[in-house]
Each structure stands twice: as structure tokens, then as C-alpha cells.
């Protein structure tokens, strides 16, 4: 079994979603697919939070455009047998989820900071859930999973961290059977171990979700599918002569992430390094490229 994570650009267009389908179908092993929100959608969700809090009803237009974007993707990439169900689920999340949450922000300007923050966390979680609906619908043998049920966090010393003990047991139960060839879940989103309120792992946290699952389920490998060919010797935007680094150690990759490389979310490396799981960084838009593999020293 292997874990594949697809970022926002990888699930952000009809073309890229078709690439995702081809990549997953090419796997000879069972796959756990971890998806981000559609590219740019998380920023939209947060911007609409600000608009709603300021009682700017313009958020409604953005919301309807986002709804249509998801419906267009369903029409283009979801298998025929799943289209009607996917359309219904998307509408439900927009009407009974996002629309109501934004209305609450707009109609209750005096909500305390904690309540506002909780609403924002809940709203932002919709991005990954909606993209996972579409990705699940692209396969006739996909088993969907809701990360809120098994990725758990806890608050300590004014910070939020993963609750490893709770998560380990819940992940083991959730994925006790991998009878289906394709399993789809969300990155980034989580819930509090004690209250079950929606939380998250921080921006970029989908990589971390994938690493957690790979480590806890002893995956053969973790693949991070993004929009670059791998780790580069320099930033290709300023150094056109930069080339892909074919192989790195965990410590080298961690150092580059800590120094600001945007290829992988920094907390991702530790769980897979401790479990000695190879990590591949590959390009959804250029899947034939060899990418970068991260392994032991």
C-alpha cells in the first residue's frame, strides 16, 4: 500500500484532475489518496469569512462561483454513475454548511474571538471535503473517509499539536481493511480529541496528514504530487539553470524545508523518517519526470 497526496494545483483544474485519475489508476498497489482543497479555494473561503464579518454580502457572489466551479469539475471528471450523488453532496455542503456558517458570521458581529475562530476553522474544512467528493467520484471502486474522524489534535501551551495516541488508534480502526483499491480522504483538516470540534494542521498540512497516515499504516512509500518536478538545486524562477535533485536524505530535505523551500510542509518529514518510508516528490503535470526521492542517510 502507498499514500499519495495531491495538492491544490493538482486538484484545481479539470486537466489536473484527469492527470490525478491516470496517476492513481496506474498504481499496482492499493492507494490512500489524500487531497487538498481546489487551488485558491482556501484563500477564497478565508476572504469570504472577512467579508461576512464585515457584513459585506458580496461573499454570496464568490460562493456561487465556487459552487459552479465544483459542479463543472463533477461534470467533467466524475464517472456517470456517481455524478448525481456528487452534485447533491456538493450542494448540501454549500447550502447547509458554507451558506449557513457565513450567515452566522454576518448576522452575529459580536461573536467572541474564540467563536469566530471556530467558525473559520469549520468553514475552511469544507475545501478539502468538497475536493475529496470529486476525487472519490472519479473511481468506481473508491472508499471515501472523513479525516475529522481519525486525525485528532490537542491544545497544549497555547499551541495545537497532533494527538498521536488518539490518532494512531483511530487510524488503525479506520483503515483496518484495504479491500478497496482506492481510498480517498482529506488533508489538513482534523478535530479536537476532547470536544470533536473542527481543527486543522495548519496551511500546508495536507502533506503532514499524508505522512501521518503513511507512518501509522506502514506504507511502502509516500508520494507528494505537486506542480514541480521535485526538489531543485535553486529556485528556478530566479535561477533558470536549476536542476532537479534526484535523491536526498531526510535530513537534507528537512534542512531545505526549514530554510524556506516550499516543496513540502516542514513537519511532514519527521513521521516518515522515523518509519524509514521513502518519500517521492513528483509533478502531477509531468508525471513521467523521475522526481526526487527522499530516503535514509
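The values are calculated or read from the model by the stated rules, or taken from the named source; none is laboratory data. Remember, it's a predicted structure, so these values are computed and weren't measured experimentally. Because the Cβ atoms are built from the backbone with ideal geometry, glycine has one as well, and the counts that use them run over all protein chains shown.
Could you give every pair whose Cβ atoms fall below 6 Å, whose first residue belongs to the stretch 189-204 and is within 9 Å of residue 152 (Cβ to Cβ), and whose second residue is in a loop (DSSP other than H, G, I, E, B), counting only separations of at least 6 or pairs across chains? What qualifies is 190/151; 190/201; 193/163. Quick check: is even one residue across the stretch 88-102 buried (at least 17 other Cβ atoms within 10 Å of the Cβ) and in contact (Cβ under 8 Å) with a residue 60 or more places away in the chain? No, that holds for no residue.
One residue stands out among those in the stretch 214-263 that are in contact with a helix residue (DSSP H, G or I) (Cβ under 8 Å, 6 or more places away or on another chain) and in a loop (DSSP other than H, G, I, E, B): the one that is farthest from residue 297 (Cα to Cα), which is 217.
When the stretch 19-43 is filtered for residues that are assigned to a helix (DSSP H, G or I) and in contact with a helix residue (DSSP H, G or I) (Cβ under 6 Å, 6 or more places away or on another chain), the ones remaining, listed by number, are 41, 42. Looking only at the stretch 172-192, count every residue that is assigned to a loop (DSSP other than H, G, I, E, B) and within 24 Å of residue 42 (Cβ to Cβ) and tell me the total. Residues meeting the conditions: 2. Residue 232 passes every criterion in (1) more than 23 Å from residue 22 (Cβ to Cβ); (2) in contact (Cβ under 8 Å) with a residue 40 or more places away in the chain; (3) crowded, with 16+ Cβ neighbours inside 10 Å apart from (2).
Looking at 171, 184, 124, 135, which is the one that is over 25 Å from residue 275 (Cα atoms) and in contact with a helix residue (DSSP H, G or I) (Cβ under 6 Å, 6 or more places away or on another chain)? Unique residue meeting the criteria: 124.
Can you pull out every residue in the stretch 142-177 that is in contact (Cβ under 8 Å) with a residue 12 or more places away in the chain and out of contact with any strand residue (DSSP E or B) (no Cβ under 8 Å at 6 or more places or on another chain)? So that I can check it myself, show each step before the final result.
Here is the first cut: in the stretch 142-177, the ones in contact (Cβ under 8 Å) with a residue 12 or more places away in the chain are 142-155, 160, 162-163, 166-168, 170-175.
Listed by number, the residues that qualify are 150, 168, 171, 172, 173, 174.
So for the stretch 268-288 (the condition being in contact (Cβ under 8 Å) with a residue 12 or more places away in the chain, buried (at least 16 other Cβ atoms within 10 Å of the Cβ), more than 17 Å from residue 235 (Cα to Cα) and over 20 Å from the mean Cα position of the chain (by Cα)), does at least one residue qualify? Scanning the stretch 268-288, I find at least one residue that is in contact (Cβ under 8 Å) with a residue 12 or more places away in the chain, buried (at least 16 other Cβ atoms within 10 Å of the Cβ), more than 17 Å from residue 235 (Cα to Cα) and over 20 Å from the mean Cα position of the chain (by Cα), so the answer is yes.
Per the listing 47, 66, 73, 52, the residue uniquely over 19 Å from residue 128 (Cα atoms) and assigned to a helix (DSSP H, G or I) is 52.
Which one is nearest to residue 19 (Cα to Cα), of the residues in the stretch 202-225 that are under 12 Å from the mean Cα position of the chain (by Cα) and modelled with pLDDT of 95 or more? Ranking the qualifying residues of the stretch 202-225, first place goes to 225.
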